[in-house]
Amino acid sequence: MTGSIPIRVVDEEDPSSSDSSAGAASANDLARMMRPGPLQLSALPPLSLYIHVPWCLKKCPYCDFNSHARAEGGELPERRYVDALLSDLDAALPLIWGRTIQTIFIGGGTPSLFSPAAIDRLLSEVRARVRLVPDCEITLEANPGTFERDRFRGFRAAGVTRLSIGVQSFDDRHLEALGRVHDGRQARAAIEEASSSFDTFNIDLMYALPGQDLADLEQDLAQALATPPPHLSIYHLTIEPNTFFAKYPPALPEDDLAYQMLDRIAEATGAAGMARYEVSAFARAGHRCVHNLNYWQFGDYLGIGAGAHSKISFAHRVVRQVRYKEPNRYMEKAELSAAVAQSTEVRRSELAFEFMLNALRLKEGFRFTDFVERTGLSINAIASPLSEAEAKGLLARDLSGAWPTDKGFDFLSDLQELFLGD
Ligand code: SF4
């Protein structure tokens, strides 16, 4: 993680990291987080809860998430993992004392591999420990396999309010190339079931797939938008290091074709009444993802579960944490109230870039008051790159805030880089 000051780093592979000392270090960390420091935040930002479930039926060849193939025919350790999550949450409570959770996102991995009963117990126990806002958005990621679709109503009854379905494509050829375990028919059935069980849901769709041309994309779009879903997340397939595709790269569409595909997606979603409110997110009115908005608005999030990341603000500092990644190791550590593998303080000099990296993904950009409140910096800290971005036509502003122009959205990394600093 760039731009961070280590507070305590525990080597995941170091067997000498004693559990009792990790617990003691945690209390020590808390005192360090509360003491005077480089920032003066006038208020703490909204806080969300992220819960990671690290298992999938099989590992997709493009995936670099912390996800692990479920052992063939093996049972998932549902009960033990939920217990570990709750111990992890208990140990983290002092860091968020008195704060209200705005949203919950259960992501993975494939959380829909867990039974509705396990999700019900998890959410009930979370509610017993932290205060949630009324009508708290609670999202669960689900895959479209038949086995999972039959559970959608159970998830709704457990308190999940929003489903995020990993459709990726409706074309069986492309699904096979992506190593997905579902087919187009199952994807359509899952959407139908989600729309009858949930008031709001998301479809994940990927483009620039191996062998995909514009006509293929049109077909995927036509099916995704046949009854426009409340929310659509669009991802450009990229080859990430340490994946199967990095080792055996498939032939992907050229960049020009990928740009044409994205233009086409923007046109078709607009025509279907969906607004592109974030660089990769499209929503009908009233269906934006509040949880993801909080990330992009540089809000706080407590992440529990294997490999989960957190960002938590205190009066005088902003801290990032990472949990142990490997599921068994995570459970062992969480059971000892020592799930945090790494805790780092974001440097004052990096806060402006971290804020802008997120905020510039939003069509509406950000308000200057939020920048000041969430970074503890004066708006002068970004005066020069703001002017440069405006002069290049990448950004527009008024007296209260700034937002990326259409050109800024098209050249988002160029725009973000202007705020990188020296
Ligand atoms: S289902 Fe999702 S999280 Fe699981 S391996 Fe595939 S892409 Fe990764």
Please find the FRET efficiency linking residue 79 to residue 387, where r is the Cβ-Cβ separation and R0 is fixed at 41 Å, and quote it to the nearest 0.05. 0.15
What's the magnitude of the charge dipole for the chain around its Cα centre, counting Lys and Arg as +1 and Asp and Glu as -1 at the beta-carbon? Answer in Debye, nearest 20. 1320
Rh (Kirkwood; distinct C-alpha pairs) - segment 63-166, Å: 14.7
Phi-derived 3J(HN,Hα) across segment 264-280 with the Karplus relation (6.51, -1.76, 1.60, θ = phi - 60°), rounded Hz, x for Gly and Pro, is 5, 4, 4, 5, 5, 5, x, 5, 8, x, 9, 9, 7, 8, 9, 4, 10
Step through the residues of segment 374-385 one at a time and calculate ³J(HN,Hα) from phi using the Karplus curve (6.51 cos²θ - 1.76 cosθ + 1.60, θ = phi - 60°), rounding each to whole Hz and writing x for Gly and Pro. 8, 10, x, 9, 7, 5, 4, 4, 10, 4, 5, x
Segment 5-294: antiparallel DSSP beta bridges as a percent of all, rounded to 5: 15
Go through 394, 408, 369 and say which Cα lies farthest out towards the positive end of the charge dipole of segment 351-422; charges sit on Cβ, +1 for Lys and Arg, -1 for Asp and Glu. 369
Just need the Rg to Rh number for segment 108-178, please, alpha carbons only, Kirkwood Rh. 1.06
Sorting check: for 286-295, 259-268, which peptide has the highest mean count of neighbouring beta carbons within 10 Å, and how do the rest follow? 286-295, 259-268
For residue 410 and residue 93, calculate 0.36 nm times their separation in residues minus their Cα-Cα distance, and state this gained length in nm to one decimal. 110.0 nm
With a 4.7 Å Cβ cut-off, tell me which Cys residues in the chain come up empty for a partner. 56, 136, 289
Which one, 327, 305, 295, is farthest towards the positive end of the dipole of segment 293-332 when Lys and Arg carry +1 and Asp and Glu -1 on their Cβ? 295
Using Cα-Cα distances under 8 Å and only pairs 6 or more residues apart, what relative contact order does segment 351-422 have, in percent? 39
Could you please state, rounded to a whole Å, how far the C-alpha centre of segment 199-278 is from the C-alpha centre of segment 133-147? 22
Short version: ³J(HN,Hα) in whole Hz for each residue of segment 156-167, in order, from phi by Karplus 6.51 cos²θ - 1.76 cosθ + 1.60 (θ = phi - 60°), x for Gly and Pro, what are they? 4, 5, 6, x, 5, 9, 8, 10, 10, 9, x, 6
Estimated Rh, segment 351-422: Kirkwood, alpha-carbon pairs, angstrom: 11.8
Using Cα positions and a limit of under 30 Å, work out the lysines in reach of residue 333, with same-chain residues fewer than 8 apart set aside. 58, 59, 311, 325
Could you do me a favour and compute the accessible area per residue for the chain, 1.4 Å probe, result in Å²? 44
Dipole of segment 298-409, Cα-centred, from +1 at each Lys and Arg C-beta and -1 at each Asp and Glu C-beta, to the nearest 20 debye? 180
Taking Cα pairs under 8 Å and at least six residues apart, what relative contact order does the chain come out at, in percent? 21
Per residue convex hull volume, Cα only, the chain, in Å³ is 149
Size of the dipole of segment 351-422 about the Cα centre, Lys and Arg at +1 and Asp and Glu at -1 on the beta carbon, nothing else charged, in debye to 20? 140
Quick one: which residues, 5 or more positions from residue 48 or on another chain, have an amide H under 5 Å from its amide H? H modelled 1.01 Å from N in the peptide plane, none for Pro or chain starts. 102, 300, 301, 302
Label-point separation (nm) for residue 127 and residue 213, each offset 7 Å from Cα along Cα-to-Cβ? 5.3
Relative contact order of segment 295-422: what whole-number percent is it, with Cα pairs under 8 angstrom and at least 6 residues apart? 20
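The values are calculated or read from the model by the stated rules, or taken from the named source; none is laboratory data. Keep in mind that this is a model prediction, so the values were computed, not measured. Don't worry about glycine lacking a Cβ; one is built from the backbone with ideal geometry, like all the others, and counts go over all protein chains shown. Side chains are part of the model used for accessible areas, which takes the heavy atoms of the whole protein and leaves out ligands, DNA and RNA. Shrake-Rupley method; radii C 1.70, N 1.55, O 1.52, S 1.80 Å.
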